[in-house]
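J.: Starting off with a structure, shown below.
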Amino acid sequence: MTTQNAPVSMYRRDEGLGIWEGRGKVVAVGVGHSPTERRWDQSPETSIGAYMIIALRNAISDAGVSPDQIDGLVIDPVTTTGAMWPAGRPIPESFAQAFHMTDNPIDGISAMSSDWLLKNIPELTNVKFTMYGPGCMSNTICVAAQAVASGLTETCLVLKGWDNLEGRYGQGGANAEDTISGGQKFTNPWGPTGPFQYSWLFNKYTEKYGGSHDLMANFVVNSKRNGLLFPEGFWAQHRPEALTSEDYIASRWIAKPANLYDCDIPITVAAAYLFTTPERAKDMKQKPVYILNHATTRPRNRGMIQTLDEVEGSVDSTGRKLYEGSGLTSSSLDIENMYDGYTLFHQYFLEGLQYRGVKHGEALDFYQTDISIEGPNPVSPSGGNTGSGRTRFWMHSDSIQQLQGRAGARQVHLKNGRPETAVSGGPLPTGGDFTMWGTSV
Amino acid sequence: MPKQSPIPDEISKPFYDACNEDRLVMQNCASCDRMQFPPQAACAECGSGDNLDWSEVSGRGKILGYGVMNDCRVRVLQEHQPFNIAIITLEDEPGINMYSHLPGTPVEEVPVGATVQVEFEITPATGQKVPEWRVVS
């Protein structure tokens, strides 16, 4: 089966589009995760291929459907967190023997095709629609939601995996060379890597609005706490250590004013969701969560890096699009689960959404209020990348589970533990893909 | 500070050729009267590549802001950590910004808002020059 990248037309990029035509036609039902690992140990059963199979099967089981009811599959074909499988390096023989392979030798190791999945999940006998939503889970959600809303598929699996190979994140490949080609030739000579894009911007933010880096501590500590309540997350599974404000403030700089705890940790893991129509969902095991809208923002840079004005313009546009297409307003948004991988940009999302009425320049003060899951202003109840490792999907999983009322120890206390609306998405305030969720339409 | 040598491609060659002549040029869409950097195949505003040309700019700018790189992923820069990375906006077109290590400016002593002047620095691997910026006021 040939699988194409989703066309641009499947993303809702513009303001002024009105209520999303798919509102009321698409629900999320099942959620499935794989185990987490810091790095791949080269055994077949912990490969990203194996983990993506586990996540899919868990989502199917969670939804309570039989595999032959699945007729669609939307995935991100890119799985690397930053370390690449060296060109020409043979793949482990045990891996090739354990799985049905495709023409791409790193399929299942550091990439993923729909062909590889369908070869290795024989019970998926009825998949007729496949599509790629490259980028991250936020992309695949938009594509799958649009596909179900358009009738291209009725019961669709949405999948994202991340592999983390050996070596320090992002330090190999082109970064280790003496010359540089491609788009990086305009950046790499100066080295603005990792969190730099948002650390210099944080300086501009505090220069304009006041505040300091120390005021981030409550947000980061709270996110780590929420992550330790996420049993599927890396920190909860492997290193359940609480973070204190003192730990945060004393941490070493990566790109000052971004420190170690403003960054996430790359891991190997996969997650899958099952989307379907409200009619089909009636027979399924979990409560349906409506996708009220999806929206996409893409930067149109004039220079090397977006300025504070441009970032604030981007998040304002994202907020307007999300509310316009869903019919919600900032006052009817119960939970925000926007991206945090780097922590120093989460505040832009809060301000663009005007979450709890927060306006530009007010987020650091807002972080000093009760932002816990027990309080009136829950922030990032998933814990995000900070709390559970670098995936860019915990916030989506949590949004679905919170609205289903089954987020366990993370369940926010609003409305007696039954929040009705949530927003999640990313990756960047300068550009990303975002979803508004609701318990009803 | 020794930098990776950029390898020009067809679109960026005029920019890098000008750097080797100690000139700073920007890609400009004549239709939109709009500069953009880095150079692209089409204007990010109108989407057309038909009206793109090159304009020499004064080489003066201002420091918009900065951060300090303490743990960089680029190998050739790591032995020089920590180092400044400043964001420079062009005097001719403040919407355009570029990076600089601000040669001559001590780490964390960056005078935000100060005027800077472009100079051109040879990168070791190929000899290709790249723009750098020095504080002049």
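J.: Scan (1) over 13 Å from the mean Cα position of the chain (by Cα); (2) within 24 Å of residue A:312 (Cα to Cα); (3) basic (Lys, Arg) for the single condition residue A:418 breaks and write down its number.
T.: With (1) over 13 Å from the mean Cα position of the chain (by Cα); (2) within 24 Å of residue A:312 (Cα to Cα); (3) basic (Lys, Arg) applied to residue A:418, the lone miss is (2).
J.: Restricting to segment B:81-93, name every residue that is without any contact (Cβ under 8 Å) to a residue 24 or more places away in the chain and more than 8 Å from every other protein chain (Cβ to nearest Cβ).
T.: Result: B:81, single match.
J.: With (1) more than 10 Å from every other protein chain (Cβ to nearest Cβ); (2) of a type in the set (Phe, Trp, Tyr); (3) out of contact with any helix residue (DSSP H, G or I) (no Cβ under 8 Å at 6 or more places or on another chain) as the list, and residue B:15 as the residue in question, which single condition is left unmet?
T.: (1)
J.: Please pick out the residue among A:326, A:314 that is in contact with a strand residue (DSSP E or B) (Cβ under 7 Å, 6 or more places away or on another chain), small (Gly, Ala, Ser) and more than 27 Å from residue B:97 (Cα to Cα).
T.: Details: A:314 fails: more than 27 Å from residue B:97 (Cα to Cα).
The unique qualifying residue is A:326.
J.: Another question, if that's okay. As an exercise: evaluate residue A:319 against (1) small (Gly, Ala, Ser); (2) surrounded by fewer than 22 Cβ atoms within 10 Å (Cβ to Cβ); (3) in contact (Cβ under 8 Å) with a residue 24 or more places away in the chain and give the number of the one condition it does not meet.
T.: The number of the failed condition is (2).
J.: Could you go through segment A:204-220 and let me know if any residue there is among the β-branched types (Val, Ile, Thr), in contact (Cβ under 8 Å) with a residue 60 or more places away in the chain, more than 9 Å from chain B (Cβ to nearest Cβ) and crowded, with 17+ Cβ neighbours inside 10 Å.
T.: yes
J.: Quick one: how many residues across segment B:120-137 are under 25 Å from residue A:177 (Cβ atoms), surrounded by fewer than 17 Cβ atoms within 10 Å (Cβ to Cβ) and without any contact (Cβ under 8 Å) to a residue 40 or more places away in the chain?
T.: 1
J.: Quickly run through segment A:254-286 and pick out the residues that are surrounded by fewer than 23 Cβ atoms within 10 Å (Cβ to Cβ) and under 15 Å from residue A:59 (Cβ atoms).
T.: A:280, A:284, A:285, A:286
J.: It is to be established whether one or more residues within segment A:299-307 are crowded, with 21+ Cβ neighbours inside 10 Å and among the charged types (D, E, K, R).
T.: The answer is no; no qualifying residue exists.
J.: Applying the selection to segment A:170-196, what residues are assigned to a loop (DSSP other than H, G, I, E, B) and without any contact (Cβ under 8 Å) to a residue 60 or more places away in the chain?
T.: Listed by number, the residues that qualify are A:171, A:177, A:178, A:181, A:188, A:189, A:190, A:191.
J.: For residue A:61, only one of the following conditions fails: (1) over 18 Å from the mean Cα position of the chain (by Cα); (2) buried (at least 20 other Cβ atoms within 10 Å of the Cβ); (3) part of a helix (DSSP H, G or I). What is its number?
T.: Answer for residue A:61: the failing condition is (2).
J.: Just checking, which of A:29, A:65, A:8, A:74 is more than 20 Å from residue A:137 (Cβ to Cβ) and among the β-branched types (Val, Ile, Thr)?
T.: A:65
J.: A further question on this structure: Filtering segment B:59-80 down to residues that are within 7 Å of chain A (Cβ to nearest Cβ) and not hydrophobic (A, V, I, L, M, F, W, C), which residue is surrounded by the fewest Cβ atoms within 10 Å (Cβ to Cβ)?
T.: Step by step, filter segment B:59-80, then rank; the result is B:75.
J.: Does segment A:171-194 contain at least one residue that is touching a strand residue (DSSP E or B) at 6+ places or on another chain (Cβ under 9 Å) and more than 9 Å from chain B (Cβ to nearest Cβ)?
T.: No, the conditions are met nowhere in segment A:171-194.
J.: If you don't mind, another one. Please pick out the residue among A:73, A:56 that is in a strand (DSSP E or B) and over 14 Å from residue A:107 (Cβ atoms). Steps first, please.
T.: Values: A:56 fails: in a strand (DSSP E or B).
That would be A:73, the only listed residue that is in a strand (DSSP E or B) and over 14 Å from residue A:107 (Cβ atoms).
Read-outs throughout are calculated quantities, based only on the coordinates presented, and are distinct from any laboratory measurement. Given the structure is predicted, the values throughout are model-derived calculations rather than measurements. We place every Cβ from the backbone using ideal geometry, glycine too, and count neighbours over all the protein chains shown.
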